Amino acid sequence: MQFSRTALMLGLAALGLALGLVLGTRISGPRNASIESYLAMAATLYAEGESIDSVRDRLAWLKGYDLPGTLRSMSDKYDRDPQKRDQAVALRRLAEALATTPKTTGTPKAKPGAPAASPTAMASIPTPPAASTTPTPAPGGRLPPLAANQLPRPGVIRPEGGGSTNLRIKPATVNSPVIRILPAEAKVRILRVVEGEAVSPGEPWWYEIEFEGSTGFVYYRLVEW
């Protein structure tokens, strides 16, 4: 009888442990998947030119996580899938940037989930330079956005950190589905300049471009002309 009671208690303990593991997986699984999706989105934004401080602000609600370590683990997992190799590179780049780049004080905070601006014609397009004047590069060595009377014209996809970029339905990174991936050095046709999401503070300019029959929007700092 004593043996039977002991065996019964051990069996109940094992059953409780198994139920706890199953319930724990079901509770934490969706949350972990949501965090992974958010980190993947942040890595894409950084690869498209968003500043590291702006990305940090987007990830501020995850302050209890080892973000560089989590991003590296995701990168290793994605690297095993040939279709996710570009995403793995983006995750690894963000992990290194978060681990090595000091935070700049006074950087305006990004607003995740803010409604995207609708594509409107640019009201105050910079005055075009005279024909004999060489355009002055914007901060970071990039050329300023083109003026309306300089368009349309050819351009080249050339992100500052290299790699590909996304052609989007709207001039924004939020609530703006990706039409297709544009490889580095892709030759495009710049159709117009519009005002949209300011990916870099104070610089809300996007180009509407055409590439191999597809038309959409790319942040102006990702295109050279």
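Once both labels are positioned 7 Å from their Cα atoms along Cα-to-Cβ, the gap between Tyr38 and Glu212 label points is 3.5 nm.
Taking amide H positions as modeled 1.01 Å from N, with prolines and chain starts lacking one, the residues under 5 Å from Ser164 and 5 or more places away or on another chain are Ala184.
Distance between the 7 Å Cα→Cβ label points at Ser73 and Ile169: 3.4 nm.
Residues Met74, Met41, arranged from fewest to most other Cβ atoms within 10 angstrom of their Cβ, appear as Met41, Met74. With K and R counted +1 and D and E -1, the other residues having a Cβ less than 11 Å from that of Glu208 yield a net charge of +3. Placing dummy labels 7 Å off each Cα toward the beta-carbon, the span from Val156 to Thr100 is 2.6 nm.
Were the residues from Gln83 through Leu62 laid out at 0.36 nm apart, the gain over their Cα-Cα distance would be 4.8 nm. Note on Ala148/Arg180: beta-carbon distance plugged into 1/(1 + (r/R0)^6) with R0 of 30 Å gives a FRET efficiency of 0.70.
What the phi angles of the range 220-225 give under the Karplus curve with 6.51, -1.76 and 1.60, with θ = phi - 60°, is a coupling list of 4, 6, 8, 10, 10, 9 Hz, glycine and proline written as x.
Enumerate the aspartates and glutamates that Lys103 could reach by cross-link, defined here as Cα to Cα under 17 Å, with residues fewer than 8 away along the same chain left out. In chain and number order, the partners are Glu50, Asp53, Asp57, Asp66.
Computed from the coordinates by the stated procedures, all read-outs in this text should not be read as laboratory data. This is a predicted model, so every value here is computed, not measured. When we count neighbours, we look across all protein chains shown, and the Cβ atoms used for this are built from the backbone with ideal geometry, even at glycine.
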